[in-house]
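Below: the structure, in structure tokens.
The values are calculated or read from the model by the stated rules, or taken from the named source; none is laboratory data. Because the structure is a prediction, the values reported are computed rather than measured. Every residue, glycine as well, gets a Cβ built from its backbone with ideal geometry; the counts of neighbours run over all protein chains shown.
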Amino acid sequence: MLRVLLIDPKVNLPIDVRSSPSLGLAYLAAVSEQRGDDVRVLDMQSHDLSLQQVVAEHPPDVVGITATTVQIESAWRVARELRQLTEARIVLGGPHPTVLPAESVQRPEVDIVVRSEGELTWTDLCDHLENGQPLDELPGITYQREGKVIHNPDRAVIKDVDVLPFPAYHLYRMDRYSNLQPTLDHIEGPSYPILSSRGRPYRCNYCSQILPRGWRARSPESVVSEWRWLVKDLGAAEIGVLDDSFNTDRQPALEICDRIIAEGLNHVPWIMINGIRANLADETLLGRMREAGCIRTAFGVESGNQRILDTVIHKQLTLDQVREAFKAAKAVGMETIGFFIIGLPGETEETMEDTIRFACELDPVVANFSMATPFPGTEMYDQVLEQGRLLVHDWDEFAFFENRAQFETDEMPAELVERKWREAYRRFYLRPHRVMRTLLRKRTWIELPRTARMAWRTVASG
Ligand code: B12
């Protein structure tokens, strides 16, 4: 038994990231408890406890810190502070350290990086640390030995994801979270995330992927038993499906919906947070999802220009398929969210214009325009280093809802991308029927001060 502390460091972003607990850490906490460890989770986003307080109450043997790119500097700060407070081994994991493990282990405040999927490596690592075994045979980690960075071989992914325990939400203060999409809904009661599959069969050039290509679905029985637990035992008032590709295979997706309906769990609303594949979203599937309680789905549209979709981001999607999917979702009474990217490498003013027009044509409830962000480890990152100029230098700035373009090329200056991005928001949201629709949503009034602040930031920065 080890005393384990798992930390989700703070990140400064204009969006609300206190929506729900980090699923990755909740899974790690669950497997650690299964191993017999005494686990504590600290979500620095939503808890105001100091590290001193937590370490004093729960002196850890090992600390695990999660980090995306925009969170990594904060993760290092936390690790530095912990170094002063405890002798515990400090381990980093998550999207950023997975792609740049050496960068973290070369820092004196970090001992080990766990790369990619974490559950098996984490429990194996805890076994090794507890028994004082050497780390050289342990797959999936990077560490330093005698001043040299050692990358042990990769660990194979978990083939049967059904074997994992349910995430350890009892270690979270659920009252500290808002609901999953607080600008759209006001839901009394806790919101929980769920993951029905891991990975994705497609590989778009902008997408940060830490798992090898491939898609592993849980069985519908396993997914629905977790769903039942969330609704009946934990009192979920809302569920957010976080899959990268929920509808890669429509048969299990349909079966999940059928079981939710058959068990009468469909009174609890759920939303697809991360987008489903538009080319696989027909009216039958969407209708069944709606019947099972899904009130809203996102689609990763990215661009309104077919050349950009085909040759730049390899999206394997046609604009007509996207049109059909939005039509089908609206036909079954589901709300839609569209994710769009402005300023992809190779874009021109015309292609960005196509994206703005396409967003207006599709007319989702929410259009999310992000400026293209080249995350390390992606094809886009390499492309930008080769053909363009990176304009941001701190990892803190790799967030795509800021007002600044993060790179430019000779053909696509930052000023143009920033102008089209602001234009996208103005033109999408300031259409008269949009303004009416926004005003008619009950939630709008509760959110008005915050929305006004965001809108002012966008417009004033022009
Ligand atoms: C849901 C989600 C969100 C939610 C988070 C809700 C929440 N409370 O968790 C919201 C909407 C708030 C969000 C926000 C953002 N997100 Co987000 N999000 C996701 C999404 C779709 C799922 C995350 C998830 O739960 N995965 C499932 C769990 C099981 O996997 P995991 O988190 O990776 O954890 C596993 C491993 O990474 C590892 N691991 C993780 N941490 C640790 C720590 C230790 C110690 C160890 C040993 C192992 C380990 O083990 C875990 C279990 O296997 C991912 C895409 C994806 N498929 O992962 C993007 C993703 C994580 N998000 C991304 C981004 C960019 C953002 C934003 C920065 C967007 C922005 N505004 O600019 C923000 C900031 C988030 C932040 N905290 O820094 C990127 C990160 C890329 C990068 N290199 O940084 C991803 C990968 C999407 C992508 N493909 O590009 N996001």
For residue 180, all conditions in the list (1) among the hydrophobic types (A, V, I, L, M, F, W, C); (2) modelled with pLDDT under 95; (3) more than 12 Å from the ligand (Cβ to nearest atom) hold save one; what is the number of the exception? (3)
Checked against (1) closer than 25 Å to residue 174 by Cβ; (2) part of a loop (DSSP other than H, G, I, E, B); (3) in contact with a Gly (Cβ under 8 Å, 6 or more places away or on another chain), residue 7 satisfies every condition except (2)
Verdict on residue 288 being under 30 Å from residue 188 (Cα atoms) and charged (D, E, K, R): yes
Within region 201-221, of all residues that are surrounded by fewer than 18 Cβ atoms within 10 Å (Cβ to Cβ) and at pLDDT 95 or above, the one nearest to the ligand (Cβ to nearest atom) is 219
Given (1) touching a helix residue (DSSP H, G or I) at 6+ places or on another chain (Cβ under 6 Å); (2) near the ligand (Cβ under 8 Å from one of its atoms), residue 98 misses just (1)
Only listed residue being within 13 Å of the ligand (Cβ to nearest atom), outside any helix (DSSP H, G or I) and crowded, with 17+ Cβ neighbours inside 10 Å, chosen from 19, 32: 19
For region 35-76, which positions are more than 14 Å from the ligand (Cβ to nearest atom) and not hydrophobic (A, V, I, L, M, F, W, C)? 36, 38, 48, 50, 52, 53, 57, 58, 59
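So that you can scan it fast, the table gives a plain yes or no per residue for (1) in contact (Cβ under 8 Å) with a residue 40 or more places away in the chain; (2) more than 18 Å from residue 206 (Cβ to Cβ):
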position	(1), (2)
354	yes, no
365	yes, yes
371	yes, no
382	no, no
390	no, no
393	no, yes
398	yes, no
All conditions in (1) within 13 Å of the ligand (Cβ to nearest atom); (2) under 19 Å from residue 375 (Cβ atoms); (3) within 21 Å of the chain's Cα centre (by Cα); (4) outside any loop (DSSP other than H, G, I, E, B) are true of residue 26 except (2)
Conditions (1) touching a Gly at 6+ places or on another chain (Cβ under 8 Å); (2) in a loop (DSSP other than H, G, I, E, B): number failed by residue 311: (2)
Looking at region 321-339, I want the residues that are over 14 Å from residue 287 (Cβ atoms) and have a partner that is part of a strand (DSSP E or B) and aromatic (Phe, Trp, Tyr) with Cβ atoms under 6 Å, at least 6 apart or on another chain. Which pairs are those? 338/299
Across region 55-81, what is the number of residues that are assigned to a helix (DSSP H, G or I), free of Cβ contacts under 8 Å to residues at least 60 places away in the same chain and out of contact with any strand residue (DSSP E or B) (no Cβ under 6 Å at 6 or more places or on another chain)? 6
Please determine whether any residue of region 279-286 is charged (D, E, K, R) and assigned to a helix (DSSP H, G or I). yes
Give me the residue from region 336-365 that is assigned to a loop (DSSP other than H, G, I, E, B) and surrounded by fewer than 22 Cβ atoms within 10 Å (Cβ to Cβ) and, out of that set, nearest to the chain's Cα centre (by Cα). 365
Test residue 50 against the stated conditions and say whether it is free of Cβ contacts under 8 Å to residues at least 24 places away in the same chain and among the polar types (S, T, N, Q). yes
Within region 73-86, can one find any residue that is under 25 Å from residue 161 (Cβ atoms), in contact with a helix residue (DSSP H, G or I) (Cβ under 7 Å, 6 or more places away or on another chain), surrounded by fewer than 23 Cβ atoms within 10 Å (Cβ to Cβ) and modelled with pLDDT of 95 or more? no
